[in-house]
1. I'd like the full set of residues that are open to solvent by 10 Å² or more (accessible area, probe 1.4 Å) and either within 23 Å of the chain's Cα centre (by Cα) or under 13 Å from GLY41 (Cα atoms) (or both), limited to the range 260-272.
2. Going by what's in this entry, would ALA40 be described as touching a strand residue (DSSP E or B) at 6+ places or on another chain (Cβ under 6 Å) and surrounded by fewer than 24 Cβ atoms within 10 Å (Cβ to Cβ)?
3. Would you mind telling me which numbered condition in (1) more than 7 Å from the ligand (Cβ to nearest atom); (2) at pLDDT below 95 SER211 fails?
4. All but one of (1) within 16 Å of the ligand (Cβ to nearest atom); (2) within 28 Å of HIS234 (Cβ to Cβ) hold for TYR296; which doesn't?
5. In the range 183-206, is there at least one residue being under 22 Å from THR299 (Cα atoms), out of contact with any strand residue (DSSP E or B) (no Cβ under 7 Å at 6 or more places or on another chain), open to solvent by less than 20 Å² (accessible area, probe 1.4 Å) and not in a helix (DSSP H, G or I)?
6. Just to be sure before I move on: is ALA255 farther than 26 Å from TRP82 by Cα and either under 18 Å from the mean Cα position of the chain (by Cα) or at pLDDT below 95 (or both) in the structure I sent?
7. Can you list the strands (runs of 3 or more DSSP E) found entirely within the range 17-116 that contain at least 1 residues being within 14 Å of the ligand (Cβ to nearest atom) and among the β-branched types (Val, Ile, Thr)?
8. TYR291: within 30 Å of ASN28 (Cβ to Cβ), open to solvent by less than 70 Å² (accessible area, probe 1.4 Å) and not in a loop (DSSP other than H, G, I, E, B), yes or no?
Amino acid sequence: MTVNIPTILRSGVRLPILGLGTWKSKPNEVATAVRVAINAGYRHIDTAWNYGNEAEVGQGMRDALSGGAVKRRDLFIVAKLWCTFHRPEDVKLGISDSLDKLGLDYVDMYLMHGPQGFKGPKIRPTSESDYDDTDYVDTWKAMESLVDEGLTRSLGVSNFNSRQVDRVLQDCRIKPVVNQVELHPYLPQLDLIKYCQSKDVILTAYSPFGSTPEIGNEPRLLEDPVVVAIGERHGKTPAQVLLRYHLERGLSVLAKSVTPARILQNLEVFDFSLTEDDITKLNSLNRNHRYVTWQYSRTHKYYPFDDQPRSAQ
Ligand SMILES: NC(=O)c1ccc[n+]([C@@H]2O[C@H](COP(=O)([O-])OP(=O)(O)OC[C@H]3O[C@@H](n4cnc5c(N)ncnc54)[C@H](OP(=O)(O)O)[C@@H]3O)[C@@H](O)[C@H]2O)c1
């Protein structure tokens, strides 16, 4: 049985509120994960150039489409401009490479992966001399041309703080539909949610389960006793509670898994509701803990996660 995932309609774009994440999904696992997900009802697939697995994600989509039950137009494919393509003259190269690898003529949404540019060809900077200081507003303007050319249907940003979203909104021709950021009870970002909602920008939550922690001593969100207890009360797993936490508040959310049983489990979040008290308890778990820190660009002038903004931002 396939699940019908609700959508949010914004600026003419219909975004399915639950999407499949593909970061760290290994090339030999991700095609199957994407096929299983689409067959079960996922339509929103989140991809990125720097995940290094776009070709296999594309294969998974084609495998699912070959069954005939789902058409390309039913899918909502999100790709991302990596930071080494921020110079306006490089923006089209970034999307073209992703489209080639995915085997698509267009994506449904193209996000700027982060506000900070890197010189390349190294994917991540290893010193400040690898930073590129292209203004992300200039990058955005080049991205607008991609809509004109039909390479993407819509645009968004990712990892932008509210001041950075605001600068784009002040100077854009095509509005960002989404800001995709890390959100979960250990990092609720209530002010950013309030700001984006006030500007009609949808927040998409990434790393809802606390990502795949790389550091052994990082807090384990899926094992948090408060999350576990809320799940037990609703007859749901901690992962389902953590997804519902976003859906309850009008956000969209990405769940990454390459495990077929979990891909299906993560879909079963449309048959229960959290109470206001549950949401309050989850918000109170806040520790301002980021699993995804972009530490390698910590001193970049557009690094987005400083509590104290620098004037250049
Ligand atoms: N824009 C950005 O900068 C950015 C940054 C980070 C993430 N993202 C996007 O957001 C997506 C989700 O975030 P994420 O990958 O960081 O982490 P996540 O979805 O919070 O967590 C993924 C981890 O949770 C496990 N998992 C999945 N479902 C589970 C379940 N029901 N029960 C127990 N464990 C479960 C997965 O294991 P298995 O896969 O082994 O099943 C994997 O280890 C990414 O894949 C990516 O598409 C975007």
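1. Taking the range 260-272 first, the residues open to solvent by 10 Å² or more (accessible area, probe 1.4 Å) are 260-262, 264-265, 268, 270-272.
Hits for the range 260-272 are PRO260, ALA261, ARG262, LEU264, GLN265, GLU268, PHE270.
2. Values: touching a strand residue (DSSP E or B) at 6+ places or on another chain (Cβ under 6 Å): no; surrounded by fewer than 24 Cβ atoms within 10 Å (Cβ to Cβ): yes.
So ALA40 fails the test.
3. Going through the list (1) more than 7 Å from the ligand (Cβ to nearest atom); (2) at pLDDT below 95, SER211 breaks only (1).
4. (2)
5. Yes, the conditions are met somewhere in the range 183-206.
6. no
7. On the way: elements: 18-21, 44-46, 76-81, 109-112.
It comes to 44-46, 76-81.
8. On the way: within 30 Å of ASN28 (Cβ to Cβ): yes; open to solvent by less than 70 Å² (accessible area, probe 1.4 Å): yes; not in a loop (DSSP other than H, G, I, E, B): no.
Answer is no for this residue.
The values are calculated or read from the model by the stated rules, or taken from the named source; none is laboratory data. Just so it is clear, the model here is predicted, and its values are computed rather than measured. Note: ideal-geometry Cβ built from the backbone for every residue, glycine included; neighbour counts use all protein chains shown. We work out accessible area using only protein heavy atoms, side chains counted, and drop any ligands, DNA or RNA first. Shrake-Rupley method; radii C 1.70, N 1.55, O 1.52, S 1.80 Å.
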